[in-house]
Amino acid sequence: MLSRRAFLLSALAASTAGTLARAQPAPQTGASSAQPTLLRIERRNIAVNGKPASVLGIRQPDGTFGIRTQVGERFRVRVENTLNEPSLIHWHGLTPPWQQDGVPGVSGPPIPAGGSADYDFPLRFGGTFWMHSHQGLQEQLLLAAPLIIRDQRDRPDQQEVIVMLADFSFTPPDQIFAELKKGGSMSPGAMTGASPSASAPTKVKGKAAGTMAPGMTMGGAAAKPDLNDVKYDAFLANDRTLGDPEVVKVEPGGRVLLRIINSSSMSAFHVDLDRLDGELTAVDGFPVAPVVARRFPIAVAQRLDIRLAIPRAPAAYPVRAVLEGESRQTGIILQAGGAPIARIPDNASTASPALTLDLERRLRAAEPLKPRKADRTHTLNLTGEMAGYVWSINNVAWTKDVPPLPLAKGERVELVFVNQTPMQHPMHLHGHEFQVVEIDGKRFAGAVRDTVLVPPRRRVVVAFDANNPGLWAIHCHLLYHLDAGMFTTLGYV
């Protein structure tokens, strides 16, 4: 059965597709004689904390998760849905024709059970991207995979290591969402040890209800951000916990490129490199002036490219991701020279802080947008409340009756995100890359991205060029916030 969101998206697309479709050429399926890459949406089994778990995935016939390709080539892909329910894949961070963007009802209908769909468009830029389902709550079931586009930045003398972070619960996503709507925050902690199909009651913790405007306080002091709605059973790095982490062999004295993808549904992390200095060279696939550190924040749906120089002496180097606001962690281990591997606990020694915009303020795009005055500005107030778990933009939880934000082709557009809630919101724009140009009134030439974190009571402004006509989604990438209504569209021909 289609989710409420998928149904509403279908209704909106039906009312707008006629006009927009005339502005788009048909996919160029005859542009190359090469056979398309085959991706299968499928069910698979993994082990989490020693227990079997049935999850979803996106694999090629040889077992490769997702796609690795080259900039300048065409993205020629056939997706086969082997599930017994509809599904559809969004190419997160890419700029396809809007009909191939992978949002049910906005860019097209979902792929029915047993069906397939073809995709064909040019790859304009390289970097670290990913793919995931936009159908219902399938993303929570790990229906995601890497999408790596190599370019001139990739050195032949460096080893590539992809790390996909995820949050996992044995509780079915629909039950998680229902608990959130009933009581606020859903904690399946009481279900630890239960089977995936168990229906044991869940614990719900109360949270402050209501909307908070920028600068509002609680109890006479600045309110702390409200973090981690869902209490997960485990956090994964490449489908594994720290009880059985992935160990990647690296060369002593060699170079490593970490491509870190936060494919979590609701969880942000601090990436901790322990004893290694990391050189951050790109965010969301786009190059930045390098920043050297041992700890980097990563919000939901964001990506980090980090270069490492491995010391010559044999040693094991953990790469940990510590949950925002807590001590729970996941990660992988880089093993140089056959060094012994020590067990890493599931909890860091101290709790991590909430993510801030401190790094975002420091980032500078290596290839910024050309300076230009904005032709159009849209303000998107991020609104909502824990009571009833209603999330919205400009106090409107999205429905088919909400018209797309108007644009015109060729315009420079600025989106002003103002977070009026006590929760973090990572905001993602489809079909376009944007540049962060202002934080809390201070203008600067920040990073080029596709997803930006907007903390509570903060104002973040991004700019982009309207160079890809169509009907495009813009939404909070926290899955249950999106499904609850913090979603809208923009459209132009």
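The values are calculated or read from the model by the stated rules, or taken from the named source; none is laboratory data. This is a predicted model, so every value here is computed, not measured. Don't worry about glycine lacking a Cβ; one is built from the backbone with ideal geometry, like all the others, and counts go over all protein chains shown. These accessible areas exclude ligands, DNA and RNA; they are computed on the full protein's heavy atoms, side chains included. Shrake-Rupley method; radii C 1.70, N 1.55, O 1.52, S 1.80 Å.
For the chain, what does the accessible surface come to per residue with a 1.4 Å probe? Please give it in Å².
That works out to 38 Å² for each residue.
So what are the stretch 404-492's ellipsoid semi-axes, whole angstrom, largest first, if each one is the square root of 5 times an eigenvalue of the alpha-carbon gyration tensor?
20, 17, 10
What list of ³J(HN,Hα) values in whole Hz, one per residue of the stretch 317-328 in order, does the Karplus curve 6.51 cos²θ - 1.76 cosθ + 1.60 (θ = phi - 60°) give from phi, with Gly and Pro shown as x?
Couplings: 10, x, 10, 10, 10, 9, 4, 3, x, 9, 9, 5 Hz.
What's the carbon and sulfur percent of the stretch 416-493's accessible surface, probe 1.4 angstrom, rounded to a whole number?
Roughly 49 percent of what the probe reaches on the stretch 416-493 is carbon or sulfur.
To the nearest 20 debye, what is the magnitude of the charge dipole of the chain about its Cα centre, counting +1 on the Cβ of each Lys and Arg and -1 on the Cβ of each Asp and Glu? Don't jump to the answer; show the numbers that get you there.
On the way: 52 positive and 46 negative charges, 117 e Å.
Approximately 560 debye in magnitude.
Hey, what's the Cα Rg ratio for the chain versus the globular rule of thumb, 2.2 N^0.38 Å?
Details: Rg = 21.5 Å, N = 493, 2.2 N^0.38 = 23.2 Å.
Compactness ratio reported: 0.93.
How large a share of the accessible area of the stretch 322-369, in percent, is made up of carbon and sulfur atoms when the probe is 1.4 Å and the other protein chains stay in place?
So the carbon and sulfur contribution to the accessible surface is 50 percent.
Enumerate the amide H contacts of Trp130 below 5 Å, restricted to partners 5 or more residues apart or on another chain; note that Pro and chain-start residues carry no placed amide H.
It is His92, Leu147, by chain and number.
For the stretch 355-426, max minus min Cα coordinate along each principal axis, in Å, sorted largest first?
43, 33, 14
Report the label-to-label distance for Phe444 and Arg343 in nanometres (one decimal), using points 7 Å from each Cα along the Cα→Cβ vector.
About 4.3 nm separates the two model spin labels.
Tell me what the chain gives for mean residue ellipticity at 222 nm when only DSSP H runs of n ≥ 4 count, each as -39,500 (n - 2.57), the sum divided by the residue total, rounded to 500 deg cm²/dmol. Before the final figure, lay out the partial values.
Numbers: 4 runs with 40 residues, N = 493.
Roughly -2500 deg cm²/dmol at 222 nm, from the helical runs in the chain.
Tell me, what ³J(HN,Hα) does each residue in the stretch 84-91 have, in order and in whole Hz, if you take phi through Karplus 6.51 cos²θ - 1.76 cosθ + 1.60 with θ = phi - 60° and put x for Gly and Pro?
My calculation for the stretch 84-91 gives 9, 8, x, 7, 6, 10, 9, 8 Hz in order.
What percent antiparallel are the DSSP beta bridges of the chain, to the nearest 5?
Counting only bridges with both partners in the chain, antiparallel ones make up about 75 percent.
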